[in-house]
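First the structure, in the form of structure tokens, and then the observations on it.
Values quoted throughout were computed directly from the atomic coordinates according to the rules given, and no laboratory measurement underlies them. Note that the coordinates shown come from a computational prediction; the quantities given were computed from them, not determined experimentally. Cβ coordinates were reconstructed from backbone atoms using ideal geometry, including for glycine residues, and neighbour counts include every protein chain displayed.
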Amino acid sequence: MRNYEEDELISDLKRVCEELGRPVTMAEYRRNGQAAPETYIRRFGSWREAHELVGNDISNRGGVKR
């Protein structure tokens, strides 16, 4: 198991979101990202908190804002 630096995690989540053109779900990130989504939850407290660090608002999945 690799120990990712916080900036690596943030950069990779941002990259995947940019490639797909929107905030990604954990399943989408699992298919396209480097680390497991659970790594983000352990490091940042929640998947939502990780998204907030890259500038995504996923508080309302029906109307995702970027």
What list of ³J(HN,Hα) couplings, whole Hz, do you get for the stretch 32-43 from phi and the Karplus terms 6.51, -1.76, 1.60, once you set θ to phi - 60° and write x for glycine and proline? 10, x, 8, 9, 6, x, 4, 4, 5, 5, 5, 6
Fraction of alpha-carbon pairs over 16 Å apart in the chain - percent: 37
With everything on Cα atoms, drop me the angle between helix 6-20 and the longest principal axis of the chain, reported from 0 to 90° to the nearest 10. 40
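Work out the FRET efficiency for GLU8 and SER59 from their Cβ-Cβ distance, taking R0 = 30 Å, and round it to the nearest 0.05.
So the FRET efficiency works out to roughly 0.75.
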With +1 on each Lys and Arg Cβ and -1 on each Asp and Glu Cβ, how big is the dipole of the chain about its Cα centre, in debye rounded to the nearest 20? 300
